[in-house]
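First the structure, in the form of structure tokens, and then the observations on it.
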Amino acid sequence: GNPLGLKHSVVQGIVSAIRDVDKREMIQVAMPIEFGNSGGPLVDLQGNVHGIINMKSAIEDRVGFAIPIERLRELRAAPNPVAIERWTRLGRINPDHWTPLANSDWQQQSGRIQAKGGGDGFGGRSLCLSLADVPKRPFEVAVDVRLNDPTGAAGLIFHSDGKDRHYGFYPSNGKLRLSCFLGPSVFSWQVLQEIDSPFYLPGQWNRLRVLVTEETIECFVNGERVMESKDRQLSDGKVGLAAFRGTEAEFRRFRVGEPSADEQLSDSARSLISEMLADPQRMHTISVEELRTLAGSSQASVQEMTRRAIELQRRADQLKNLAEDVRRVPVLTQLRALLDEQDDDDLFRGALLIAALDNPDLDVDAYQERVDQMAREIRKELDGEASEASRLSQLDAYLFQQNGFHGGRDEYYHPANSHLNRVIDDREGLPITMSILYMELGRRLGLNIEGVGLPGHFVVRYINEEGDQQLIDVFDRARRMSKADAMATVLQYAQRLIEDNDLRPQSTEEILVRVLRNLIGSATRQRDPEAILRYVEALVAIVPEEGEYRMMRAAARHQTNRDHAALEDLDWLIEHRPPGININEVRQMRDFLKP
């Protein structure tokens, strides 16, 4: 298949079961499946096709399913053809009612219109003009809109010249915005107003309405007037729909015509909803008559209850985030104290504390005792006067021959490969976490082993009593490396020649920072902002004076709705002015976030 766009890829796994999934027989496979594998063949070692890869588990990365190839044979034997000229028209926007602009992709089905991807307009602006006649002012244009991404932007346009000039009223990044577009580039766009309205429901259907009079432009969301403008730069033109930045959005119930009133929530329905919020038990005692009261203004009631539910969910999320912040404090405090105390096991314990950020129940002391036990098991195979060379050889044999430790290649970027407890339990990990375990066992055996942070690939260096040095690739079963091997590694990962700095020993602080940067990379690929914040918090705990990490934490705090905490980082940056930080950008971000 083509996982993540990597064409003609092959991965090995096993067929683990034949199961009924939604009343269909499916082949369960144990192997990694990524976006782009769907439609790829499931073959045996002789090249016989047994199925078509169809989907993966939403919970476990290495569980997937394939459609048995017999289903394809059945389809080929009894096809259900559609004429190509009809197929190409399926889902197309009705040309009698709409005109898409800028080579944009608009589709229509079951009364809904969809914006699919961006158009040729600057920033992916995609427009679709209504062919309906626009009445004289006062008139209104309205539509229900739902965005697939709360950070996207899509909504209504009016006074359009059929090209680049028009007004727009639309949600953008969760806020409501009224803009005037006077040309094709961002420099000709004017944001007239932008507000954060409690009446806008992210992820839900929202009714947008614009009332255009002789004097004003009035904008409504879900029946509530949220902004008014007297801007007169544009005076007439077509109306329609718009999507920005490639946002995929759905529209329904489009209307242009004379002004009309939105459905309003009745006083009795509003009072009843307030009663239920004040006493949650009240929801269990709603009578038939009270249901009719709510249904008397059905759409408005649903929108109000949805708005209140979203607000309660937001508060619940804030409380959950606060609990996570509280839980994280002792771990971060221990991490900072550990580096201040500078004990022999700082690196090993620090790596376990980093793993504890993701695993609240992790018992750090238990894993330290586990490594003590591993060291005792190695010593049992040695006599009392064993040489350094014998101890190193027995360390290698214990890990890689007797206990099967190995580099985690199949799912290299999985966070578990960066968690030292999982490395010990699963016996696989990244080069750096494998090396941390190797160094800690070596220390307990009286061996001098230090970490070497080659670009893209962490290794260790063993130094014997005579001062002789040997690079070792722990990820590759403790393969001994020559200087030429190190040069080739640097060339492979950094596309440059090796430098003296590449071979210097890494401090405990530097190694822990590298572990955290690996985890940030994994969380970024998985789009997990809460995990990113955890790791950046640890970076600041380890290197509190590093401006880059403070800036990263401010951004992560803002992304996870912790703006007050983000302002603390920005104020620190402005006060301390660390090197490498653009203070003007910091001030701009602070001005954007401040209440």
Inset, instruction - Exactly one condition in (1) assigned to a strand (DSSP E or B); (2) more than 25 Å from A261 (Cβ to Cβ); (3) open to solvent by 60 Å² or more (accessible area, probe 1.4 Å); (4) touching a residue at least 40 places away in the same chain (Cβ under 8 Å) is not met by P184; state its number. - result: (1)
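From L503, L512, L519, grab the single residue that is touching a residue at least 40 places away in the same chain (Cβ under 8 Å) and in contact with a strand residue (DSSP E or B) (Cβ under 8 Å, 6 or more places away or on another chain). Lay out the reasoning, then the answer.
Numbers: L512 fails: in contact with a strand residue (DSSP E or B) (Cβ under 8 Å, 6 or more places away or on another chain); L519 fails: in contact with a strand residue (DSSP E or B) (Cβ under 8 Å, 6 or more places away or on another chain).
After ruling out the rest, the residue left standing is L503.
If you go through segment 327-340 one residue at a time, do you hit one that is open to solvent by 40 Å² or more (accessible area, probe 1.4 Å) and either at pLDDT below 90 or in contact with a Ser or Thr (Cβ under 8 Å, 6 or more places away or on another chain) (or both)? Let's see the steps before the verdict.
We begin by selecting, within segment 327-340, every residue open to solvent by 40 Å² or more (accessible area, probe 1.4 Å); these are 327, 329-330, 333-334, 336, 340.
Next, from what is left, pick out any that are either at pLDDT below 90 or in contact with a Ser or Thr (Cβ under 8 Å, 6 or more places away or on another chain) (or both): 340.
Checking segment 327-340: at least one residue is open to solvent by 40 Å² or more (accessible area, probe 1.4 Å) and either at pLDDT below 90 or in contact with a Ser or Thr (Cβ under 8 Å, 6 or more places away or on another chain) (or both).
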Inset, instruction - Take Q394 and decide whether it is open to solvent by 10 Å² or more (accessible area, probe 1.4 Å), touching a helix residue (DSSP H, G or I) at 6+ places or on another chain (Cβ under 9 Å) and either assigned to a strand (DSSP E or B) or on the phi < 0 side of the Ramachandran plot (or both). - result: yes
Legend entry - Scan of segment 214-237 for residues that are open to solvent by less than 60 Å² (accessible area, probe 1.4 Å), of a type in the set (D, E, K, R) and farther than 16 Å from G155 by Cβ, ordered by number: D231
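Output the residue which, of all residues in segment 238-266 that are aromatic (F, W, Y) and under 16 Å from S130 (Cα atoms), is least open to solvent (accessible area, probe 1.4 Å). Walk me through how you get there before you give the answer.
Residues of segment 238-266 that are aromatic (F, W, Y), as a first pass: 244, 251, 254.
Now drop any that are not under 16 Å from S130 (Cα atoms), which leaves 251, 254.
Working: F251: 3, F254: 55 Å².
Only one residue tops the list, namely F251.
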Legend entry - Flag for W189 being farther than 16 Å from I157 by Cα and under 33 Å from the mean Cα position of the chain (by Cα): no
Inset, instruction - Would you confirm whether any residue within segment 371-387 is touching a residue at least 40 places away in the same chain (Cβ under 8 Å), hydroxyl-bearing (S, T, Y), surrounded by fewer than 20 Cβ atoms within 10 Å (Cβ to Cβ) and in a loop (DSSP other than H, G, I, E, B)? - result: no
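From R19, R73, R62, which residue is touching a residue at least 60 places away in the same chain (Cβ under 8 Å), over 30 Å from K163 (Cβ atoms), of a type outside the set (F, W, Y) and out of contact with any Asp or Glu (no Cβ under 7 Å at 6 or more places or on another chain)? Lay out the reasoning, then the answer.
Details: R19 fails: touching a residue at least 60 places away in the same chain (Cβ under 8 Å); R73 fails: touching a residue at least 60 places away in the same chain (Cβ under 8 Å).
Being touching a residue at least 60 places away in the same chain (Cβ under 8 Å), over 30 Å from K163 (Cβ atoms), of a type outside the set (F, W, Y) and out of contact with any Asp or Glu (no Cβ under 7 Å at 6 or more places or on another chain) holds for just one of R19, R73, R62, which is R62.
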Inset, instruction - Would you check which residues across segment 305-338 are touching a Leu at 6+ places or on another chain (Cβ under 8 Å) and closer than 30 Å to D365 by Cβ and list them? - result: R328, V331, Q334, L335, L338
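The values are calculated or read from the model by the stated rules, or taken from the named source; none is laboratory data. Small disclaimer: the values here were computed from a predicted structure and weren't measured. FYI the Cβ positions are ideal-geometry reconstructions off the backbone, even for glycines, and counts take in every protein chain you see. The protein model used for the area step is the full one, side chains on, heavy atoms only, and it has no ligands, DNA or RNA in it. Shrake-Rupley method; radii C 1.70, N 1.55, O 1.52, S 1.80 Å.
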